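Data block below; observations after.
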Amino acid sequence: MESLSVNAYTPLETTEICSRVGTKKANMRVDKIFISAVIAGCYLAFSSSVCLVINTSPWYTTLAALHRRISPWKMLAHWALTFFGNLAGSLFIVGVIIGHGGVLDDPPYRAEAIKFADKKAYTPLWHQIFLRGIGANWLVCVACWLACQSRDVAGKIAAIWWPIFAFVCLGLDHVVANMYFIPMAIFLGSPHISVGYYIWKSMIPALLGNIVGGGLFVAAVHWYLDLTGTTEPIAIDGQFYKDDKKSGHSESSSV
């Protein structure tokens, strides 16, 4: 009887792929980083608006920095660009497409948007949002890691689905998703949440929690488990990382 084979990369190969992706992202031109972050913010805002009617990753660069393929300063610069790009994209959808487009003007939608924002930013305590932020980005980054482990599109979709499904169902706080939910409620006239309140009570704790969840519990863990103590170059489909100076290999990689 033939043994079953799994069409996936090993954990070591997956962590190497994530490190390469983070390095590539961090070395993109500044304008391309920002524009891609704006588009990502727009897409996430669209999906968040659907959630209201029916009812965004920096960890890559963390891993690349731990792998010493980019500097901490480049990692922080990439974080900042993607953060403000995500915010710009989300606010565009809030203020133009959904807001002035009147998509949520009907009383049930307006009430749900304000109620949902209250659950996110008004009802929970600061430390609770921080802890929920850890869980949110932990799951989001696990989804990204699993997607990198898969070799085909169907596998990537299946890998992403379950961690994101859990993150949404548990009501955890992701700073980029909240860039839509909370400003939308402010736009619609929330009686409890102002811009300053949103920044202090939601954006800051969710952002810090997301950094811990993705940077520590995913990037640092896989770097420690898979890359520390590894002296040999890691080949992906027979190709080594093009700038791997530890081994002297200079072959380019398609990843």
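The values are calculated or read from the model by the stated rules, or taken from the named source; none is laboratory data. This is a predicted model, so every value here is computed, not measured. Positions of Cβ are generated from backbone atoms using ideal geometry, with glycine treated the same way; all protein chains shown enter the neighbour counts. Accessible surface areas use protein heavy atoms only, side chains included; no ligands, DNA or RNA. Shrake-Rupley method; radii C 1.70, N 1.55, O 1.52, S 1.80 Å.
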Practice task
Report yes if some residue within the range 14-31 is open to solvent by less than 40 Å² (accessible area, probe 1.4 Å), in contact with a strand residue (DSSP E or B) (Cβ under 7 Å, 6 or more places away or on another chain) and at pLDDT 90 or above; otherwise report no.
Solution key: yes
Completion exercise
Checked the range 192-215 for anything more than 14 Å from the chain's Cα centre (by Cα) and farther than 16 Å from PHE84 by Cβ; matches are HIS192, ILE193, SER194, GLY196, TYR197, TRP200, LYS201, SER202, PRO205
Handout entry: Pairs with Cβ under 8 Å, 6+ apart, first in the range 27-45 and at positive phi, second open to solvent by 60 Å² or more (accessible area, probe 1.4 Å) and among the hydrophobic types (A, V, I, L, M, F, W, C)
Key = none
Exercise for the section: Consider only pairs whose beta carbons are under 8 Å apart and that are at least six residues apart or on different chains; among these, list those whose first residue lies in the range 96-122 and is of a type in the set (Asp, Glu) and whose second residue is open to solvent by 40 Å² or more (accessible area, probe 1.4 Å) and not in a helix (DSSP H, G or I). Expected result: GLU112/ASN55; ASP118/HIS192
Practice task
Return the residue satisfying two criteria in turn: it lies in the range 63-105 and is of a type in the set (Val, Ile, Thr) and over 25 Å from CYS148 (Cα atoms), and of such residues it is surrounded by the fewest Cβ atoms within 10 Å (Cβ to Cβ).
Solution key: VAL96
Practice task
Tell me which residues, restricted to the range 141-172, are surrounded by fewer than 15 Cβ atoms within 10 Å (Cβ to Cβ) and either farther than 28 Å from ASP118 by Cα or of a type in the set (Phe, Trp, Tyr) (or both).
Solution key: ARG151, ASP152, VAL153, ALA154, ILE157, ALA158, TRP161, TRP162, PHE165
Fill in the blank from the handout: Conditions (1) open to solvent by 40 Å² or more (accessible area, probe 1.4 Å); (2) in a helix (DSSP H, G or I) -> PHE116 fails only (1)
Problem - Selection from the range 34-48 of residues that are open to solvent by less than 10 Å² (accessible area, probe 1.4 Å) and modelled with pLDDT under 90 - result: GLY41, ALA45, SER48
Exercise for the section: Check the range 137-157 and report whether any residue there is over 27 Å from TYR9 (Cα atoms) and either within 23 Å of the chain's Cα centre (by Cα) or part of a helix (DSSP H, G or I) (or both). Expected result: no
Practice task
Could you check, for the range 54-65, whether at least one of its residues is modelled with pLDDT of 90 or more and farther than 14 Å from ILE211 by Cβ?
Solution key: yes
Problem - TRP126 being open to solvent by 20 Å² or more (accessible area, probe 1.4 Å), modelled with pLDDT of 95 or more, farther than 29 Å from TYR9 by Cα and touching a helix residue (DSSP H, G or I) at 6+ places or on another chain (Cβ under 6 Å) - result: yes
